[in-house]
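The values are calculated or read from the model by the stated rules, or taken from the named source; none is laboratory data. Keep in mind that this is a model prediction, so the values were computed, not measured. Positions of Cβ are generated from backbone atoms using ideal geometry, with glycine treated the same way; all protein chains shown enter the neighbour counts.
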Amino acid sequence: MAATPRPPASVPEDDEALIAAARAAQENAYSPYSGVRVGAALVADDGRVFSGCNVENASLGLTQCAERAALSRAVAEGARDFSAVVITSSFEEPLMPCGACRQVLREFAEDLRVVSVGMGGASKESTLGELLPTAFAPDDLRGGAR
């Protein structure tokens with residue numbers, strides 16, 4: 001049986017800067033089709049923070065989520081190991097990552113801490129392993145490497 005995300009909780013003080021970075025990125029979201037604005041702040045193991053926002057496309061399948069935008073930015077700057085991601089959105093309640101984002105983040109961080117904060121201030125926290133148990137991973141490929 002799959003683990004369920006932890007219930008809403010108050011946001012730890014240490015996360016406030018990450019929430020601010022995600023909210024700043026959220027302001028730049030391009031979402032003319034859904035109207036949903038999402039920001040993400042991804043924390044590398046070395047302490048660097050990479051932010052991203054969702055970028056929609058008229059061909060909806062080509063839309064890029066904020067989490068993947070932040071990850072792409074991080075990888076482009078040489079980061080490969082991550083400890084946490086904070087996600088904010090224009091929804092009142094916390095919005096957890098979609099399945100595609102969960103799988104892409106899993107490529108780099110099996111036990112990533114995932115925090116989502118809604119506009120109303122409520123938050124949910126989980127780990128990527130809880131959100132995507134028994135994920136397809138690099139180790140599943142013979143000779144695969146990161």
Out of curiosity, is A79 at pLDDT 95 or above, hydrophobic (A, V, I, L, M, F, W, C) and part of a loop (DSSP other than H, G, I, E, B)? yes
Pairing a residue in the range 91-118 that is over 14 Å from R23 (Cβ atoms) with any residue that is modelled with pLDDT of 95 or more and of a type in the set (D, E), where Cβ atoms lie under 8 Å and the two sit 6 or more apart in sequence or on different chains, gives P97/E67; C101/E67; V104/E67; L105/E67; F108/D81; A109/D81; R113/E125; V114/E125
Output the residues belonging to the range 12-27 that are modelled with pLDDT of 95 or more and either surrounded by 17 or more Cβ atoms within 10 Å (Cβ to Cβ) or among the charged types (D, E, K, R) (or both). L18, I19, A21, A22, R23, A25, Q26, E27
Can you pull out the residues in the range 28-54 that are free of Cβ contacts under 8 Å to residues at least 24 places away in the same chain and either assigned to a helix (DSSP H, G or I) or of a type in the set (S, T, N, Q) (or both)? S34
I'd like the full set of residues that are of a type in the set (A, V, I, L, M), touching a strand residue (DSSP E or B) at 6+ places or on another chain (Cβ under 8 Å) and outside any loop (DSSP other than H, G, I, E, B), limited to the range 92-135. L105, V114, V115, V117, L128, L131
I'd like the residue in the range 87-146 that is surrounded by fewer than 16 Cβ atoms within 10 Å (Cβ to Cβ) and among the basic types (K, R) and, out of all such residues, is nearest to the chain's Cα centre (by Cα). R146
Residues within the range 55-76 that are modelled with pLDDT of 95 or more and assigned to a helix (DSSP H, G or I), tallied: 12
Check whether at least one residue in the range 28-45 is at pLDDT 95 or above, exposed (fewer than 11 other Cβ atoms within 10 Å of the Cβ) and either out of contact with any Gly (no Cβ under 9 Å at 6 or more places or on another chain) or of a type outside the set (K, R) (or both), and report yes or no. yes
